[in-house]
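All remarks here apply to the structure that follows.
The values are calculated or read from the model by the stated rules, or taken from the named source; none is laboratory data. This structure is a prediction, so every number in the text was calculated from the model and none was measured. Don't worry about glycine lacking a Cβ; one is built from the backbone with ideal geometry, like all the others, and counts go over all protein chains shown. These accessible areas exclude ligands, DNA and RNA; they are computed on the full protein's heavy atoms, side chains included. Shrake-Rupley method; radii C 1.70, N 1.55, O 1.52, S 1.80 Å.
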Amino acid sequence: MIHTRRFRDRLPIRMLCVLLALCATAVLLPAGARTALAQDMPTVYIDRHSAEALPIAVPAFAGGADPLAAQTGSDIANVITNDLNGSGDFRVIDRNAYVETLPSMEAKPNFPGWRALSARALVQGEVSAQPDGRLKVAFRLWDTGTGEQIVGRSLMTQQDNWRRVAHIIADEIYKAITGEAGYFDSRIVYVAESGPKNNRVKRLAIMDQDGANNRILTSGDSLVLTPRFSPTSQEITYLSYYNNTPRVYLFNIETGRREMLGDFPGMTFAPRFSPDGNKIVLSMAKDGRTDIWVMDLRSRQSRKLTDTPYIDTSPSYSPDGQRIVFNSDRSGAQQLYIMNADGSNQQRISFGSGRYATPVWSPRGDFIAFTKMKGGRFYIGVMRPDGGDERILSEGYLVEGPSWSPNGRVLTFFRQEAGAGVRVCTIDLTGRVERVVPTPTEASDPAWSPILP
Amino acid sequence: MKRAFILSALFHLALLALLILGVPLHLPTRDEIPEESFEIVDLVEIGDENTSLSEALRPKEKEPEPEPVPTPPPPQPQPPKPEPPKPEPVVTPPARPQPPEPAPPQETDDAPDEAPVVQAPPKPVRKPPEPKPQPQKPAQPTPEKPKTESSLDAWMKANQETPDKTQETPREVPSPTRGGRISEKLTATDLAALKYHVEKEWRLPGDGYAYEGMVVEVIVKTTATGEVLSVEALRDPTLGYDPLYQAFVSSAERAVRFASPLPVPPGKESVYENGIRFQFSPRGLSLR
């Protein structure tokens, strides 16, 4: 008893001493030993990455006992799969290889099984019909390495709007993994071509970026060329013919209203919006020379930006609106130039062999896409705004007219091989994934819309 | 009682003094410590041969002699087969369904009931050092290719006077290890094998252009067999939780997790258990 009491008496003092020692150790060691430990770690410098896309699993969204919901769940997974595969950054693993079906949002995935399949991420989703007739679509994106949820969301939609919900989910997945905004919930306007070569009908058409929801916008009475989306509104500017003279028009998709732009003395073409949507920059040809003009859509006042005896055309604004890239033959062959938005400080940026045309500044500002012609072949490529780091992404008998996705990571353009029809294609910035966008007719001159509001 | 207290206090003070003063005395002085360096033990072309190196360094192979095994070529990029979307035979379809109420997604409360990805509180982070030249092309020619570990050690010892500062490595502690008299210091070959092993698991969207200039250090601790136990990212405080940087950090963490198990050279298990630092900084280069 006495011994126990003595021990108890000493206990607080002992604990105090031990605490003192620990505190001193904790205070004194970090400065020395801990730093030394950290410094002593071997360091491995990782500066190269795999060229492979990120493997991801997208099982069919669960639909429970409701066959319609189950079908919609499967369709949504298909659209997401198609979107992600087309980006070049993801490789959706074949559904036949999946280790399990996920019957509901509450089912805990078997992460070791998904990891064994090399899936770095897993999409789990569920579709359920609501009493008011709408659909509820919920999804989670899992990190299979940690078993943690990266993002999760639930959306309500009308039954016939499931496809758009799928694009929105694909955008969420893209953003969560890459850190950049997606582009799947967007549209492409293009020229739908039909009829024989000597009597070609070219109409304005619009579709989702994956080719769904195709819609014809103009009647086909007159030829339509080079449509360009406004970055801020549901308006398109394009080239059409008025009394056999090419003129630039403005077209509102929602109202169908069409308006001819400006009263220029010569023919106008190659229009493109400024980033704020308030101006249109275009070319005007007269007396054998072509100059670049800008028109303010609010005041309808226009101003000449270049004034040379050469052909200056295909202007495109930088995303900050401060500069314009264009092509000119002033050096003897078509090359790319940039200038300030007021026309000053014109500088050549392309110096490669061949001719360069249709430059388009990326909405991110980091690249300029172009068409290149060399040795009887056409190429789609990109270069930095200073002309450096030129890379060819695609080539063919005729590939032309690149247009950026709203996030600046994918290009759409049109391709025609000898003897074949003309098709709209997309290609990612790495050049890994090129695909044809399905259209009911032949299609050319695509232009990407901004993300839908 | 009082005496006992005094004795106890004296004892603890002595212990404290020993901790404060005694420990450093036993540390080797700067002069005693050989210059930090890595020794060139093998000229390795980082590419094809690294696979064999990583294989050879696996702990399961008890044979310490690094056999130059014919290597499989590095994995070729396999672009996913484009899956053509289902053609919609709609020529003049009804007006596009107006993005009604659902378009701005209405959040419901039962979907994300789990916390989103763990966002560790900002840690006091050192500014990562500038990327140093990689040990791919050692500047100094190798006198001769060491055949065995004993000759390797001898060669390393002989070359300690001509240190190469291109790679930071742990200080050599000349202590016997489980695998015999093998230095626990990772050699250039070990580091190159680790580098390639992790790089082929690093998936960076869009060829990494968006992440150029970003740096993150990841401290990885493993078991003796190389199984990754913990992954701790030391973020660049100037970028914080920028979504692009967050994605970059996640890609680095994912790379080391999916690189598990890491190749562990025999006798160097404790190095891995203490932790290895991986510094990720993309330069727009990919393994093709």
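Compute the separation of the alpha-carbon centres of region A:158-223 and region B:212-237 and state it in Å as a whole number.
42
Ignoring any ligand, DNA or RNA, what whole percent of the accessible area of region A:54-178 comes from carbon and sulfur when the probe is 1.4 angstrom?
50
Placing unit charges on C-beta atoms (Lys and Arg positive, Asp and Glu negative, everything else neutral), compute the dipole magnitude of region A:54-178 about its Cα centre in debye, rounded to 20.
Working: 12 positive and 14 negative charges, 31 e Å.
My answer is approximately 140 debye.
Is there a quick way to get the dipole size of region A:166-298? I mean about its Cα centre, with the Cβ of Lys and Arg at +1 and of Asp and Glu at -1; what is the value in debye to the nearest 20?
With Lys and Arg at +1 and Asp and Glu at -1, about 560 debye.
Please give the FRET efficiency for A:S299 paired with A:R200, using the beta carbon to beta carbon distance and R0 = 51 Å, rounded to the nearest 0.05.
Plugging the Cβ-Cβ distance into 1/(1 + (r/R0)^6) gives 0.90.
Work out the FRET efficiency for A:T146 and A:D307 from their Cβ-Cβ distance, taking R0 = 51 Å, and round it to the nearest 0.05.
FRET efficiency, A:T146 to A:D307: 0.25.
Suppose the chain between A:S331 and A:Q130 were pulled fully straight at 0.36 nm per residue; how much longer would it get relative to their current alpha carbon spacing?
Going from the current span to full extension adds 65.8 nm.
Net charge near A:G375, counting Lys/Arg +1 and Asp/Glu -1 over other residues with Cβ under 15 Å of its Cβ?
Around A:G375, the charge tally is +3.
Using the Kirkwood formula over every pair of different C-alpha atoms, what hydrodynamic radius in Å results for region A:302-422?
14.6
For the B and A pair, go ahead and give the buried accessible area with a 1.4 Å probe, both sides summed, in Å² to 100.
Result for this pair: about 8600 Å² buried.
Name the residue farthest towards the positive end of the dipole of region A:187-448 from the options A:F273, A:Y190, A:Y241, assuming +1 on Cβ of Lys and Arg, -1 on Cβ of Asp and Glu, about the Cα centre.
So the residue we want is A:Y241.
Average projected area of the Cα convex hull of region A:54-178, in nm²?
Computing the convex hull of the Cα atoms and averaging its projections yields 6.8 nm².
For region A:207-224, state which residues have at least 20 Å² less accessible area in the presence of all protein chains than in their chain by itself, taking the probe as 1.4 Å and leaving out ligands, DNA and RNA.
A:N213, A:N214, A:R215, A:I216
Tell me which of A:G125, A:A65, A:L84 sits at the most positive position along the dipole axis of region A:54-178, charges placed on C-beta atoms (Lys, Arg +1; Asp, Glu -1).
The one lying farthest along the dipole's positive direction is A:L84.
When the accessible area of each residue in region A:412-453 is compared between its chain alone and the complete protein assembly (1.4 Å probe; ligands, DNA and RNA ignored), which residues differ by at least 30 Å², being lower in the assembly?
A:T430, A:R432, A:V433, A:R435, A:P438, A:P440
For the cross-link pairs A:K136/A:K279; A:K197/A:K304; A:K108/B:K268; A:K108/A:K136; A:K108/A:K175; A:K279/A:K372, which exceed 31 Å when the distance is taken from alpha carbon to alpha carbon?
Exceeds cut-off: A:K136/A:K279; A:K197/A:K304; A:K108/B:K268.
Can you bin region A:181-237 into rounded, prolate or oblate? Criterion: square roots of the alpha carbon gyration tensor eigenvalues sorted a ≥ b ≥ c, rounded for a/c under 1.5, prolate for a/b above b/c, oblate for the rest.
prolate
Loop only per DSSP, at most 15 neighbouring Cβ atoms within 10 Å: give me the GluC sites (Glu not before Pro) in region A:82-169, ordered by residue number.
Numbers: sites: A:E100, A:E106, A:E126, A:E148; in loops: A:E100, A:E106.
Hits after loop and neighbour filter: A:E100, A:E106.
According to the square roots a ≥ b ≥ c of the eigenvalues of the Cα gyration tensor, what is the shape class of region A:187-448, taking rounded for a/c under 1.5, prolate for a/b larger than b/c otherwise, and oblate for the remainder?
On the way: a/c = 1.38, a/b = 1.06, b/c = 1.30.
Rounded.
What dipole magnitude, in Debye to the nearest 20, does region A:249-311 give about its Cα centre under +1 on Lys/Arg Cβ and -1 on Asp/Glu Cβ?
With only Lys, Arg, Asp and Glu charged at Cβ, the dipole is about 40 debye.
Sequence gap at least 6, Cα distance under 8 Å: using those rules, report the relative contact order of chain A to the nearest whole percent.
Contact order relative to length: 9 percent.
For chain A, what is the accessible area per residue in Å² when the probe is 1.4 Å?
Each residue of chain A exposes 39 Å² on average to a 1.4 Å probe.
Using each residue's phi in region A:313-328, evaluate 6.51 cos²θ - 1.76 cosθ + 1.60 at θ = phi - 60° and report the 3J(HN,Hα) Karplus result to the nearest Hz, with x for Gly and Pro.
Going residue by residue, I get 8, 6, x, 8, 6, 6, x, 8, x, 8, 9, 9, 9, 8, 10, 8 Hz, with x marking Gly and Pro.
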